[in-house]
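Inspection log for the structure reproduced underneath, given as structure tokens.
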């Protein structure tokens with residue numbers, strides 16, 4: 001397998017799903033077909049993968065003629081690339097399939113569409129050649145380069161610096177609250193995760209609750225998420241690291257799909273129902289109220305979370321924890337902070353800015 | 001090619017700042033997707049003209065000389081409503097000055113649409129849309145392309 005003149009990794013920002021990509025195929029009778037893709041995954045130096053959900057004609061065409069073309073655009077430079085590809089294989093099991101399935105499941109869950117999105121297969125394409133499309137950009141308009149951000153400063157030494165800073169936190173913290181705050185501050189300052197939360201599993205193993213948060217206009221402590229719900233809940237359920245590159249696109253894409261699937265449904269499931277089990281919504285609303293009962297409820301919720309985190313700290317709470325963070329993409333890194341209450345896209349219905357959500361779970 | 005009309009509900013979409021690509025294929029069936037910068041529907045709605053930036057479309061124009069069959073996919077940037085028109089090319093020519101105004105209007109509408117959804121609109125000003133070629137297409141079939149289980153079905 002020969003090396004590509006333009007390495008796949010060098011155009012990785014094209015695969016952040018900020019700009020939809022195109023997949024062109026051709027039937028045996030010479031009739032072309034073009035479809036938009038939300039996600040393309042880099043598998044290795046010469047392969048990319050695409051999720052097969054609703055493909056019909058594309059799948060038919062590829063069965064007859066495995067040659068295809070992907071068109072991808074760099075969201076920052078706006079350079080466009082054409083990838084000459086050939087269908088190599090379809091996977092219906094294994095790590096790649098599971099990764100794609102988890103992301104799909106998370107997107108479906110955060111928009112109330114679990115069961116509608118079904119990953120039929122991961123289609124793996126061999127990349128035969130990559131060319132930059134000539135004439136895409138005007139020469140007379142100067143390039144608008146992405147602004148400097150915390151993320152752009154990440155280099156090979158970043159991990160070591162982060163590790164050293166976290167070690168310093170562990171050494172220097174006298175109590176759990178300080179420790180958690182410092183760990184999240186380190187994630188922000190060293191890795192650029194401006195919005196983050198640490199969540200623990202409750203005693204019943206049904207919900208995660210937040211014991212620390214950073215970057216939100218209101219503290220997230222006491223927020224609860226049901227296991228399997230939204231990006232965070234899905235990550236906790238599957239115990240897989242997950243990165244959702246473009247929450248905004250996923251949120252617009254999903255309701256379109258459900259309207260086709262269930263045209264008689266009266267409520268768009270992307271809008272959380274009043275009974276949404278994400279308690280944070282309820283909690284933060286009531287905490288904003290002037291009503292003393294609301295304030296009491298908020299205080300009680302926080303106190304319970306603090307108590308739980310203290311027990312966990314003391315080793316009396318065997319638990320799985322989740323660290324959830326939301327980092328701005330390079331394009332939006334320098335944007336003024338937006339008032340957001342939670343990292344889960346379900347909670348940020350008014351925000352459709354390109355945002356990257358990333359969650360992970362760890363046994364502690 | 002047995003013709004059909006473009007559904008009336010798709011005409012406003014084709015007159016808006018949609019995102020679109022034209023699919024062509026070479027004689028040996030290698031597909032090619034080229035960005036479309038505007039479209040104009042004929043009064044009969046049985047033909048339409050799409051505009052493609054000439055430099056980017058060099059290979060597509062070459063393909064059309066040997067294989068006139070095309071697929072034109074277009075989608076609303078805001079709602080993601082999408083359709084695909086399949087048909088045959090009946091004419092290829094450089095755009096007129098009048099069409100240039102249409103192409104530039106489309107580009108402005110496209111940038112506005114991207115901006116309205118919080119997309120990286122400030123980077124789009126660099127996109128070249130001129131000089132362009134006009135490709136006239138006789139419509140044969142129209143398919144639903146909106147994301148979802150109905151995608152790929154003929155448009156009723």
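A few comments on the model shown:
- Among residues of segment A:22-35 being more than 7 Å from every other protein chain (Cβ to nearest Cβ) and at pLDDT 95 or above, the one that is nearest to the chain's Cα centre (by Cα) is A:23.
- The selection criterion, being closer than 20 Å to residue A:12 by Cβ and in a strand (DSSP E or B), does not hold for residue A:87.
- Filter result for residue B:71 (more than 11 Å from the chain's Cα centre (by Cα) and buried (at least 23 other Cβ atoms within 10 Å of the Cβ)): no
- Count of residues meeting criterion [more than 9 Å from chain A (Cβ to nearest Cβ), buried (at least 18 other Cβ atoms within 10 Å of the Cβ) and either over 15 Å from the mean Cα position of the chain (by Cα) or at pLDDT below 95 (or both)] in segment B:77-96: 1
- Total residues in segment B:22-50, condition surrounded by 23 or more Cβ atoms within 10 Å (Cβ to Cβ) and at positive phi: 1
- Total residues in segment B:17-31, condition within 18 Å of residue B:53 (Cα to Cα) and not in a strand (DSSP E or B): 2
- Checklist (1) under 14 Å from the mean Cα position of the chain (by Cα); (2) surrounded by fewer than 24 Cβ atoms within 10 Å (Cβ to Cβ); (3) more than 9 Å from chain A (Cβ to nearest Cβ) applied to residue B:19, failing item: (3)
- Out of A:96, A:70, A:83, one residue alone is more than 10 Å from every other protein chain (Cβ to nearest Cβ) and buried (at least 18 other Cβ atoms within 10 Å of the Cβ). It is A:83.
- Residue under evaluation residue A:78, criteria (1) modelled with pLDDT under 90; (2) within 28 Å of residue A:138 (Cα to Cα); (3) buried (at least 21 other Cβ atoms within 10 Å of the Cβ), criterion not met: (3)
- Unmet requirement for residue A:17, which otherwise passes all of (1) more than 8 Å from chain B (Cβ to nearest Cβ); (2) in a loop (DSSP other than H, G, I, E, B); (3) surrounded by fewer than 18 Cβ atoms within 10 Å (Cβ to Cβ): (3)
- Restricting segment B:141-156 to residues that are modelled with pLDDT of 85 or more and more than 9 Å from chain A (Cβ to nearest Cβ), the residue that is surrounded by the most Cβ atoms within 10 Å (Cβ to Cβ): B:142
- Residues within segment A:41-57 that are more than 10 Å from chain B (Cβ to nearest Cβ) and closer than 15 Å to residue A:97 by Cβ, tallied: 8
The values are calculated or read from the model by the stated rules, or taken from the named source; none is laboratory data. This is a predicted model, so every value here is computed, not measured. Ideal geometry is used to build each Cβ from the backbone, glycine not excepted, and the neighbour counts take in all protein chains shown.
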